[in-house]
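Please treat every number below as a calculation from the coordinates, not as lab data. Because the structure is a prediction, the values reported are computed rather than measured. Because the Cβ atoms are built from the backbone with ideal geometry, glycine has one as well, and the counts that use them run over all protein chains shown.
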Amino acid sequence: MIRITTLSDPSGQDHAASPSAALGSFGKFARRPIDMSNEVNDADTADIFTEISRGVDKWLWKVEAHLQTGDNQACLIPIRQSN
């Protein structure tokens, strides 16, 4: 379940905490099929879900690193402008 909160913290901690919670929940959800696939000896499907969970864990690690340092400006994704 994703909890929606208001942005009461001007430092942006609330803003960075929301993706952290969502990524954490989705990561748990994505790891369940790995065990299920392994139980039925479906290594290919388990591998797909393993890669998905690794990607989610990587994003979660990045977001939580910014929460720990308080550097929320680095959470912004730069947009490349075309010439």
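Between Asn38 and Phe26, what is the label-point separation in nm under the 7 Å Cα-to-beta-carbon projection?
With each label point 7 Å from Cα toward Cβ, the separation is 2.3 nm.
Can you work out the Karplus-derived ³J(HN,Hα) for every residue in the range 47-57? Use 6.51 cos²θ - 1.76 cosθ + 1.60 with θ = phi - 60°, whole Hz, and x for glycine or proline.
5, 4, 5, 5, 5, 4, 5, 5, x, 5, 4
If each residue's Cβ is checked for other Cβ atoms within 10 Å, how do Lys62, Lys28 rank with the fewest at the top?
Placing the least packed residue first, the sequence is Lys28, Lys62.
What ranking of Asp44, Asp35, Asp57 emerges when the number of other C-beta atoms within 10 Å of each C-beta is taken as an exposure proxy, fewest first?
Final ranking by Cβ density, sparse to dense: Asp44, Asp35, Asp57.
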